[in-house]
Every structure is written in structure tokens, then in C-alpha cells.
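First the structure, in the form of C-alpha cells, and then the observations on it.
Each reported figure results from applying straightforward, stated rules to the coordinates on display, with no laboratory input. Everything quoted here is computed from the prediction, not taken from an experiment. No Cβ is skipped: glycine too gets one built from the backbone with ideal geometry, and neighbour counts run over all protein chains shown.
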Amino acid sequence: MRALIKHHAGTELQYTERPKPVPGPRDVLIRVRKVGICGTDRHIWEWDHWAANRIPVGIITGHEFVGIIEQVGSAVTRYKPGLRVSAEGHISPGVGYNARTGNGHIAKDMVILGVDRDGCFADYVCVPEENVWPVHPSIPDKVAAVLDPIGNAVHTVMTAGVSAKTVLITGVGIIGLMAVTVARAAGASRIFVTDVDPRRLALAKKLGAVAAYHAVNDKGWIKDVKEATRGDGPDVLLEMSGSPSGIKDGFTALRFGGTAAMLGTPAKPLESFDFASHVIFKGATVHGINGRRMFETWYQMEDLLLSGRLELDDIITHELAFEDFRKGFEAMIRGDGIKVVLNLG
Ligand SMILES: NC(=O)c1ccc[n+]([C@@H]2O[C@H](COP(=O)([O-])OP(=O)(O)OC[C@H]3O[C@@H](n4cnc5c(N)ncnc54)[C@H](O)[C@@H]3O)[C@@H](O)[C@H]2O)c1
Ligand SMILES: [Zn+2]
């Protein structure tokens, strides 16, 4: 089968041939139709510090996909060949405290598809039966291919709780833009956003943000957001930049007693963070967001998609043939590509 692998401890991925995987007794073998390129895959492509320390050389990359079940293992009871599915890419060990108490998304010894074991940038992928998500017939393939990051946005928005609240999203990249449309659908009263890329700011406004600020060039934007929110600041912060200044600005703007949901992941430990004023004296509630709740987030996401209220078309900027993966990564690195989907046919 065709596969995109991390062929060496350096940049890029290699297009190659690999044997078709054989499903274990409790695995499902899926013929992949479409995949999404994630920011994580870009880190693996660029071979940054995180990737160099985490990714085993030789692995098939990718974790966002939709496909058709081709074959099921001997012990699989729930699914049959022919079903259109996606899958949760975080594979919980099923044992240990969090896995057994409804918090599988933060289970110890989690294994991630396309990060710790062979992923979906290939004609076939194997996943455990527990991770399979049958896709509702009304959800098109191109959306089903990117349920993973939509799920990140849904998990963040639903954890913070945005109904009838003012929301600030710092960083409207792939997931931040998805969070704009999710927060709107979930009843946010007004959404303010920041980024450092004017194209993303413009798209966030199109998706329903009432104001979009350049985090660096629009001096005084925090004052403007506070003035627009009775002088208090927004009720909710969704931090989606992972940038130290995005995090600091977000907490500076957040109102006293507000709630912050933190998804953006700093590349290294923050050098400084004013915990006393940003969290303690502010009386802020801070949630760390990891992945998607299994599978509460997936049900919420399906219902939000079926409501027809999510606008995702403009966020999926590129649909390319699998062979043109290089163009996809280059578009993301240049910034004109937001969510890139590859078709395997
Ligand atoms: N916690 C999780 O489970 C999880 C899952 C996926 C991604 N992530 C992290 O979430 C973040 C967002 O992911 P993504 O795929 O949308 O990445 P992305 O690169 O598409 O988005 C990040 C955005 O932040 C913007 N930005 C940079 N500096 C900024 C600043 N100072 N102020 C405001 N915006 C700024 C960038 O221009 C970009 O548009 C990343 O840090 C990623 O590593 C976390
Ligand atoms: Zn992803």
C-alpha cells in the first residue's frame, strides 16, 4: 500500500510502499478515503524539538481520517466491513485510574495514532474496535476526515461553557477558527479573537467574531475588548495560540471570576507567568484541555454538525491528491493553507 513515513531523523516525509497491515483480534482494518494534515503532522514534517524527542523513525504518520471498514479482527463484534468510519486517535490502555473513571482522554500510557504507532497517511490503517467512530450519513467525507481537530474545539468550548457569555479566543489557526464557529453554535453572546495573521483574522470575522485584533499591531486591543464588555473583560478565554504572549494577553483581558480553557501548547515551559494576578487574585477557573473526551465530545460534535450551525467550508482551504502531500505541507507552512485534506481515492 501507499504510505507517508518519517523516513529519517530530519525534515519532510517520504512517499513509499508498505505492506497492508493485518488486524489483531480486536482491531478493525480501514481503507482510508481522506486524511487531514494536522499541526502535529507539520511538527513531524519540520522535525522540531518535540518531534525529534517523540516520533520513532520509520513510523507511518497521520491521525485524522475517514474511511471504510475493510476487515475486522476475529473478536470484533460491533462492526462489519463496508461501514464508513473515523476514529479517535488517542488509544487508551483501558486500565488505570483515569481510563476506568470516565477520563480515558487523560489516561496514563496513552498511545497516539501516527505519533507512537503507525497512523493513517496510507491506504489502510488498523485501530482498536473501541476507537472506531461510525460517521453519520449526513456528514460529508471532507468533514469526517477532520473530526479530530473539530473535537479539540468542541472539547475546549464545552468545557469552558460559553452560552450567553462573551468569549475571547487568542489564536485563530486551525482549531481557533473551528472554535469560533463552535462557540457561536453553542450560544456565545459575542466572540472576540486575536491572531498575528490578517487572513485568519478576516476569516474569523466571516465566521461570526464581532471583533478581530492583530495581537501585536493593534495596540490597545485589550482595552477595547474590556470597554466592549462593561469594562470587565470577556467571561471566557479560549487559549488556542500556545504562544507565551497569547497566553499572557488572554489572562490580562479575562474578567475577574472568568473561566479559561487552555488548549494551545507552548513549545517550551513559560519563562514567566504572573500567577498571582492572572489566576489567584482574579479568581479565575483554569481548565487544561487535552484531546477530546471519549466519547462525550464525539456525541456533542455529531449533534453540532447535524444542527447545520457549524461553518467549516472556508476553514478547509485545500483538498489535494495524496501524492500532492508536499503541496499541502508547503501551503500550511506558508500560511495560505489552513486545514488541508488529502484524497486517497
Ligand atoms: N491540547 C491539545 O490536545 C491540543 C490538540 C491540538 C493542538 N494543540 C495546540 O493548540 C494550538 C493550536 O493548534 P492549531 O492546530 O490550531 O495551530 P495553528 O498553528 O493553526 O494555530 C495557532 C495560531 O496562533 C496564532 N498566534 C501565534 N502567536 C500569537 C499571538 N501572540 N497571539 C495570538 N495568536 C497567535 C498563529 O498565527 C496561528 O494562527 C497549538 O499550540 C497546538 O500545539 C493542542
Ligand atoms: Zn490532529
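Within straight-line reach of Lys206, meaning a Cα separation under 17 Å, sit the following lysines at least 8 residues removed in sequence or on another chain: Lys339. The modelled label-to-label distance between Ala52 and Glu271, using points 7 Å beyond Cα along the C-beta direction, is 2.0 nm.
Distances between placed amide hydrogens fall under 5 Å for Arg117 paired with Ile112, all partners being 5 or more residues away or on another chain. Karplus-derived 3J(HN,Hα) values for segment 103-108, using 6.51 cos²θ - 1.76 cosθ + 1.60 with θ = phi - 60°, are 10, x, 5, 10, 5, 5 Hz; glycine and proline are entered as x. In the chain, the DSSP-assigned H stretches of four residues or longer account for a calculated mean residue ellipticity at 222 nm of -8000 deg cm²/dmol, using -39500 (n - 2.57) per stretch and the full residue count as denominator. Here r is the Cβ-Cβ distance between Tyr79 and Glu296 and R0 is 22 Å; the resulting FRET efficiency, rounded to 0.05, is 0.60. Ranked by how many other Cβ atoms sit within 10 Å of their own Cβ, fewest first, the residues Phe65, Phe322, Phe251, Phe295 fall in the order Phe295, Phe322, Phe251, Phe65. For the chain, just say rounded, prolate or oblate: build the C-alpha gyration tensor, square-root its eigenvalues into a ≥ b ≥ c, call rounded for a/c under 1.5, and beyond that prolate if a/b exceeds b/c, oblate if not. Cα axes put the chain in the prolate bin. Comparing Pro137, Pro198, Pro128 in a Gaussian network model of the chain, where Cα atoms under 10 Å apart are tied by springs, the biggest mean-square fluctuation is seen for Pro137.
For the chain, modelled as a GNM whose springs connect Cα atoms under 10 angstrom apart, the maximal fluctuation among Ile247, Ile289, Ile112 occurs at Ile112.
Loop-only trypsin sites (Lys or Arg not before Pro) in segment 100-198, please: DSSP not H, G, I, E or B, and at most 13 other Cβ atoms within 10 Å. It would help to have the intermediate numbers written out before the result.
Working: sites: Arg100, Lys108, Arg117, Lys142, Lys165, Arg184, Arg190; in loops: Lys108, Lys165.
Within segment 100-198, the qualifying trypsin sites (Lys or Arg not before Pro) (loop, at most 13 other Cβ atoms within 10 Å) are Lys108.
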